[in-house]
Amino acid sequence: MSVNSPEPTGMVDVVLVKGGRTKIRYPAGLLSDDGVRIAVRAPWAGDGVRDFGFVRFEAGDVFTEFYWRDRWYSVKEVRAASGALKGWYCDIARPAVLSGAELVVEDLDLDLWRSADGTDVRRLDEDEFEESGLVRRDPQAAAAALAALDELEALARAEGGLESLLA
């Protein structure tokens, strides 16, 4: 799914929870929900520019976001205001919960980035994950999170692998 995919069928609030608190909440257009995978589209919801060094998120960027009820991650296709693909930002998170018009996702600190051309695949925030204490508090969730990161990295490095999740 990309910027040229169908128009939203309704609106939801995406609620990203981290450490038991709401980290960010933003409105998004609901593109699809097949009972397992939920797709939404939203403009960059951050304040100002977020420069990671390898990518910049800024006003006008469009995120087409894919969440699963049975997987421990979400994948966000990131496009510039011009429509040019910047890449995919993947969050490791507990399976998403859609309740009414609220899509709640619990972020587990680990992230993955894949550039549009596929030459830059990087694991992010492993230090934050370690500091979170999840391994100690909930070893099963920590194991699921690490397995999800490994799965996403393998898909990101395979020809067409990450894109196959979003088709």
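Annotations for the structure displayed:
- Output for region 83-100, where each listed residue is at pLDDT 95 or above, open to solvent by 20 Å² or more (accessible area, probe 1.4 Å) and in a loop (DSSP other than H, G, I, E, B): G83, A84, R94, P95
- Long-range neighbours under 9 Å by Cβ, at least six apart or interchain, first residue on the phi > 0 side of the Ramachandran plot within region 17-32, second open to solvent by 40 Å² or more (accessible area, probe 1.4 Å) and in a strand (DSSP E or B): G20/E106
- Any hit, region 20-28, residues being in contact with a Ser or Thr (Cβ under 9 Å, 6 or more places away or on another chain) and either more than 19 Å from W72 (Cα to Cα) or modelled with pLDDT under 95 (or both): no
- Every residue from region 77-94 that is over 18 Å from T22 (Cβ atoms) and not hydrophobic (A, V, I, L, M, F, W, C): E77, R79, S82, G83, K86, G87, Y89
- Options A80, A93, A84; residue that is in contact (Cβ under 8 Å) with a residue 12 or more places away in the chain, touching a Leu at 6+ places or on another chain (Cβ under 6 Å) and aliphatic (A, V, I, L, M): A93
- The residue that is nearest to I92 (Cα to Cα), among those in region 44-72 that are without any contact (Cβ under 8 Å) to a residue 40 or more places away in the chain, open to solvent by 60 Å² or more (accessible area, probe 1.4 Å) and not acidic (D, E), is R69.
- Those residues of region 148-158 which are over 16 Å from the mean Cα position of the chain (by Cα) and in contact (Cβ under 8 Å) with a residue 12 or more places away in the chain, in sequence order: R157
- The condition (being over 24 Å from G161 (Cβ atoms), of a type outside the set (S, T, N, Q), open to solvent by less than 50 Å² (accessible area, probe 1.4 Å) and not in a loop (DSSP other than H, G, I, E, B)) is satisfied by just one residue among V78, V17, V40: V17.
The values are calculated or read from the model by the stated rules, or taken from the named source; none is laboratory data. Note that this is a predicted model, so its numbers are computed, not measured. Methodologically, a virtual Cβ is constructed for each residue, glycine included, from the backbone with ideal geometry; neighbour enumeration extends over all protein chains shown. Note: accessible area is taken over every heavy atom of the protein model, side chains too, but ligands, DNA and RNA are not part of it. Shrake-Rupley method; radii C 1.70, N 1.55, O 1.52, S 1.80 Å.
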